[in-house]
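Student: Below you'll find the structure I mean.
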Amino acid sequence: MSRTTAQSMAMGTLVRHLMETMQPTIRQATVADHERLEALQRLASLATGEHHQELLDNPGVFGVAPENIAHSFVAELDGEVVGFCTMLPRSAEVAEVDAVFIDPGAWRQGIGRMLLIEAERRAAHAGIRTLGVTSGGYAVSFYQALGFRLSGTEMTDFGPADRLTKDVRG
């Protein structure tokens, strides 16, 4: 087992323990979070099982643009970032959920839901009327459970993906 794999497994165990004993908090992402956000993106992307080999063969697809950190917020447990969401404005009335990545050790604990609810709150506060997201098959039901509706298909680097939207007007 590689050192990185062992570290990821240990982090997953820690995250599960923290989830059982604490509630996550949401805060604005900072430049100091950049490395952890990229690690979460890679861990979560590979853990879904979708396009696993293509992701490994194309490591350049991983990365959080530094300019997107200002549009990102994180979920923290006991000072450890366990998830993040990036919401990019597209127009005065439309924003894109560009990223939602959760530490696999904290999946199915409500962190993704918490982050999307925060995205909706921030969007509504900014006057955004519609949130959009392009999703791989593994997460479509997650978005639908939170009120997003299928609105089409988009081509991605790995083939077609579902397009979903949600009206966030108050």
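Student: Leaving out ligands, DNA and RNA, what percent of the accessible area of segment 115-170 is carbon and sulfur, probe 1.4 Å?
Tutor: Working: 1500 of 3060 Å².
C and S atoms contribute 49 percent here.
Student: Please give the per residue accessible area of segment 96-170, computed with a probe of 1.4 Å over protein heavy atoms only, in Å².
Tutor: Numbers: 3960 Å² over 75 residues.
Roughly 53 Å² per residue, with all protein chains present.
The values are calculated or read from the model by the stated rules, or taken from the named source; none is laboratory data. Computed from a predicted model, the values in this text were never measured in an experiment. Please note that ligands, DNA and RNA were not included when accessible areas were found on the heavy atoms of the full protein model with its side chains. Shrake-Rupley method; radii C 1.70, N 1.55, O 1.52, S 1.80 Å.
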